[in-house]
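The values are calculated or read from the model by the stated rules, or taken from the named source; none is laboratory data. The structure presented is a predicted model; accordingly, all values stated were derived computationally and were not measured. Cβ: placed from backbone, ideal geometry, glycine included. Neighbour counts: every protein chain shown.
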Amino acid sequence: MKSAHPRRKFKAVLAAALIATSASLTVACSPVVEERGYIFDAKDLEQVHAGDSREQVKRLLGTPSTVSTVSGEAWYYISSTFETYAFYAPEEVDRKVAAVYFDKSGIVDDVAYYGLEDGNVINFADRKTPTRGKEMTVLEQLFSNIGRYNNAGANQPQPGN
């Protein structure tokens, strides 16, 4: 028996190498998915109803992700899904918020569910202090005071005279 032609062996090895390389590139380009916050369990969320107490909600869902800062009458359970590709910054692709609203006596008044499409991004710290008025160049600042000399104190007697 004669062995396969050397070119055919080379083509077979080259094809195998290309397939392996493309497979590894496909895996490398897939995102890293990360779940953050409260992990929702639909069974638990369905058990919260109007008329339940704060303690019942805490027993079912646990400690909320955040509480309303105004009066503490709303608890929010927040979950976010982020995807990261290679070296890029993580991008939020999904958000779920379960809001439990209480009345003044601590009884559940309403339960609402929100998603990523319901929210707005608010930049709390943009690291810029807004300035009001006209922005002037250095030359405008230097020459803007020409002719604005205040002569009001010129006729006043000087102390010690």
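A few notes on this one:
- Every residue from the range 31-63 that is touching a residue at least 12 places away in the same chain (Cβ under 8 Å), hydrophobic (A, V, I, L, M, F, W, C) and part of a helix (DSSP H, G or I): 45, 57, 60, 61
- Checked against the criterion of being at pLDDT 90 or above and in contact with a helix residue (DSSP H, G or I) (Cβ under 6 Å, 6 or more places away or on another chain), the candidates 108, 100, 93 yield just one match: 100.
- Close Cβ contacts (under 8 Å, 6 or more residues apart or on different chains) running from residues in the range 95-108 that are more than 28 Å from residue 35 (Cα to Cα) and surrounded by fewer than 18 Cβ atoms within 10 Å (Cβ to Cβ) to residues that are hydroxyl-bearing (Ser, Thr, Tyr) and modelled with pLDDT of 90 or more comprise 106/53; 107/53.
- Every residue from the range 63-80 that is out of contact with any helix residue (DSSP H, G or I) (no Cβ under 9 Å at 6 or more places or on another chain) and closer than 20 Å to residue 113 by Cβ: 63, 65, 66, 67, 68, 73, 74, 76, 78, 79
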